[in-house]
Amino acid sequence: MSFWHDAIGRLETILADSGCEDGVVTLGVNYEADVCQYPRGVCMEGCFGGRGGQFITSEPLRANTRVSFMFGAPLASPKQRSAAGAIVNAVSAFLCLARKLRPCTPDCYAPCLAELSREVGGKRIYLVGPMPVLERALGNQIVDAPEAADLFLVAGDGMTTDAGVACIDEYRGKKRMIFLGPSAAGVSGLISLEHWCPYGR
């Protein structure tokens, strides 16, 4: 069982017998949307009950699916985990379970990066997922092996790849992890992960 299953199990408990579990989430791709500067990929959006959430991924898809598709599912591939991320975010937006489910605008990129750089200053960092902006900004702090890190920064595809999921599950509760941006908002809210999105909406 992974952190995904923990979050989805929590959501299943919240939704039990509400009827929402049978609701349909529409998944689509929005190339024009504002997105968080940290993860690399495209914006997959989930819409549920008129509310939306996004997940930045290199494995987007378009589909209509029930919320309950996730319940008990193995989520064995990055594409399935990305879809689950968008669904969790959309349902979290509808139920007001998480804040900061929409990204900031590009004018906030510089202050966000400056604040994050101060937050992690002097620490050895392991990046879980491709994050070109942080690779450039924090290059001298980044380590190649998770065991050498003081803290982990996690975003987008870092939450969906087999290696990323294994890394998060192995070190969750043992080392500090900061989950970045709207992609991580729903899961972070459901299982109390540290979430960074100071300018999100």
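The numbers here are math on the coordinates, done by the rules we state, and not lab data. Note that this is a predicted model, so its numbers are computed, not measured. As a convention, Cβ positions derive from the backbone with ideal geometry for all residues, glycine included, and neighbour counts pool all protein chains shown.
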Would you mind calculating the gained length between Val143 and Ala33 on full extension (0.36 nm times residue separation, minus the Cα-Cα distance), in nm to one decimal? 36.4 nm
Separation of alpha-carbon centers, the range 60-117 and the range 135-201, rounded to whole Å: 14
Compute all pairwise cysteine Cβ distances in the chain, then list the cysteines with no distance under 4.7 Å to another cysteine. Cys20, Cys36, Cys43, Cys47, Cys96, Cys112, Cys167, Cys197
Å³ per residue enclosed by the Cα convex hull of the range 9-153: 131
Describe numerically, in nm with one decimal, the distance between label points set 7 Å from Cα along Cα→Cβ at Ser192 and at Arg99. 1.8
Cα axis of helix 3-15 to longest principal axis of the chain: angle in degrees, 0 to 90, nearest 10? 40
Eligible lysines near Lys175 by straight Cα distance, threshold 18 Å, same-chain separation 8 or greater: Lys123
Ranked on Cβ counts within 10 Å of their own Cβ, fewest leading, Val67, Val91, Val42 go Val42, Val67, Val91
Based solely on its DSSP helices, what 222 nm [θ] is calculated for the chain when runs of n ≥ 4 H residues each add -39,500 (n - 2.57) and the sum is averaged over all residues, nearest 500 deg cm²/dmol? -9500 deg cm²/dmol
Can you give me the long-range amide H partners of Arg102? Hydrogens built in the peptide plane at 1.01 Å from N, cutoff under 5 Å, separation of 5 or more residues or another chain. Arg201
At what distance in nm do the modelled label points of Thr65 and Tyr109 sit from each other, each positioned 7 Å from its Cα along Cα→Cβ? 3.0
Any chance you could give the angle, 0 to 90 degrees and rounded to 10, that helix 78-95 forms with the longest Cα principal axis of the chain? 70
For the chain, with a Gaussian network of springs between Cα atoms less than 10 Å apart, report the residue from Glu32, Glu45, Glu59 with the top mean-square fluctuation. Glu32
Between Asp17 and Val42, what is the label-to-label distance in nm when each label sits 7 Å out along the Cα-to-Cβ direction? 4.3
Most fluctuating residue of Gly181, Gly53, Gly173 in a GNM of the chain with Cα springs under 10 Å: which is it? Gly173
Where is the GNM fluctuation largest for the chain (alpha-carbon springs, 10 angstrom cutoff): Thr160, Thr57, Thr13? Thr13
Roughly what angle does helix 109-119 make with the longest principal axis of the chain, taking Cα atoms, 0 to 90 degrees, to the nearest 10? 70
